[in-house]
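All remarks here apply to the structure that follows.
The values are calculated or read from the model by the stated rules, or taken from the named source; none is laboratory data. Because the structure is predicted, anything quoted here is derived from the model rather than measured. Cβ coordinates were reconstructed from backbone atoms using ideal geometry, including for glycine residues, and neighbour counts include every protein chain displayed.
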Amino acid sequence: KRVENVMSIYWSELIRGLDPYVPGEQPRDRQYIKLNTNENPYPPSPAVLEAIREHTNQDLRLYPDPNGDILKAAVADYFQVEKNNVFVGNGSDEVLAFAFISIFKQAKPILYPDISYSFYPVYSKFFEIEAVTVPLTADFQIDLADYPVDNGGIIFPNPNAPTGRILPLEQIEALLQRNTASVVLVDEAYIDFGGVSCIPLIKKYPNLLVAQTLSKSRSLAGLRIGYAVGSAELIEGLERAKNCFNSYTLDRLALVAGAAAMRDRDYFDTTCRAVMATREWVVSALKQLGFEVVPSAANFIFICHQNQSAEELFSELRLRGVLVRYFKQPRIDNHLRVTIGTDREMQELVRQLQAILGSN
Ligand code: PMP
């Protein structure tokens, strides 16, 4: 009762009308095989742990560098761009928030796929940005030819989430050639598991912004580090929004850890290749169990069983200690999204699915 009163009296109309984002569950009641939030099953690079150890000293009493220069330099070096082409934030979610505020608040509506990252509608509503969704094709592909040029901006993940499907670079470039009057934001959270980034295209297209994260391919979800790469003008827009909001970028440990992760290319290559190799055998094993598997270029797969409901499979797996992601949402409520874990975790998933399907 008291909460209701507070809601009606103190909350703004905007907050009262919001549906907050519901992240994947992080239960603590038992030890689960956690395949529900697309974390990397491998630990971060040893160089990351070393950087954190080295910087865990009395300097923590000092504020961090508000520009996050050390991380920007490492990202710029990795992609062979300038530091003023890089914006860094607390996870790519925060980077996307700054992009919505500084770039997408336009007179015309922004466009994004109807089945996509569920934060886009949350941010649109929160920042009061009109949005129009563009349906995926019947086989869950984004068709960029369906995106009219009369828009306030376009955002889509590549590979898409939760489907895992990837668009070839040529199709993104064709969109950029047509769509010159608004920003195209490509959310490449999952690009490192077999995809090709469109970051090199920023030199040719000043309206292209690319967001990436260290949460997935660099095993640092716990530190919250993301960045965007784009023309100096777009990045300047993001910096302005950030400086009006919170003048510090990332904490001291995240900055040095993120930089160390970007520099350790060998470890990054090895762990990404391991995830892709696991994905390959898991896809065949699940197909043998009667699953349809959407082609994936991400560290997760999107699957659907011919004669077993996804919701039931989700609950059965949960009871057996395996967490996957189920979306109670039209068109995809017969699918499960399963993160690629270690080989052992995935063997256990397959074993449990065999048991569940065999007993029906
Ligand atoms: N974009 C997409 C498509 C995602 O799935 C996620 C992870 N939930 C993010 C961005 C954000 O990741 P983070 O904030 O951890 O960088």
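Can we say Y205 is within 12 Å of the ligand (Cβ to nearest atom), over 21 Å from P66 (Cα atoms), part of a loop (DSSP other than H, G, I, E, B) and at pLDDT 95 or above? Spelling it out, it is not the case that Y205 is within 12 Å of the ligand (Cβ to nearest atom), over 21 Å from P66 (Cα atoms), part of a loop (DSSP other than H, G, I, E, B) and at pLDDT 95 or above. Filtering segment 112-151 to residues that are surrounded by fewer than 18 Cβ atoms within 10 Å (Cβ to Cβ), part of a loop (DSSP other than H, G, I, E, B) and of a type in the set (V, I, T) leaves T137, V149. Of these, I172, I191, I154, which one is buried (at least 20 other Cβ atoms within 10 Å of the Cβ) and within 11 Å of the ligand (Cβ to nearest atom)? It is I191.
Based on what the data block shows, is L238 within 16 Å of the ligand (Cβ to nearest atom) and not small (G, A, S)? Considered against the rule, which asks whether it is within 16 Å of the ligand (Cβ to nearest atom) and not small (G, A, S), L238 comes out as yes. Under the condition of being in a strand (DSSP E or B) and either modelled with pLDDT under 95 or near the ligand (Cβ under 10 Å from one of its atoms) (or both), which residue from segment 208-218 is surrounded by the most Cβ atoms within 10 Å (Cβ to Cβ)? Filtering segment 208-218 for residues that are in a strand (DSSP E or B) and either modelled with pLDDT under 95 or near the ligand (Cβ under 10 Å from one of its atoms) (or both), the one surrounded by the most Cβ atoms within 10 Å (Cβ to Cβ) comes out as Q212. Only one entry in V293, V229, V275 is β-branched (V, I, T), within 16 Å of the ligand (Cβ to nearest atom), at pLDDT 95 or above and not assigned by TED's automatic domain parsing to the domain that holds F104, namely V275.
When A181, A221 are checked against the criterion of being closer than 25 Å to K242 by Cα, within 9 Å of the ligand (Cβ to nearest atom) and surrounded by fewer than 19 Cβ atoms within 10 Å (Cβ to Cβ), A221 stands alone in meeting it. In the set (1) farther than 29 Å from A260 by Cβ; (2) surrounded by 15 or more Cβ atoms within 10 Å (Cβ to Cβ); (3) more than 16 Å from the ligand (Cβ to nearest atom); (4) among the small types (G, A, S), the condition left unmet by A107 is number (2).
Pick from segment 333-348 the residues that are more than 15 Å from C304 (Cα to Cα) and out of contact with any Pro (no Cβ under 6 Å at 6 or more places or on another chain): which of them is surrounded by the most Cβ atoms within 10 Å (Cβ to Cβ)? Only one residue fits best here, namely I340. Take the conditions more than 23 Å from the chain's Cα centre (by Cα) and either at pLDDT below 95 or outside any helix (DSSP H, G or I) (or both) and apply them to Y63. Does it pass? Yes, satisfied.
For segment 4-41, a tally of residues being more than 16 Å from the ligand (Cβ to nearest atom) and not aliphatic (A, V, I, L, M) returns 16.
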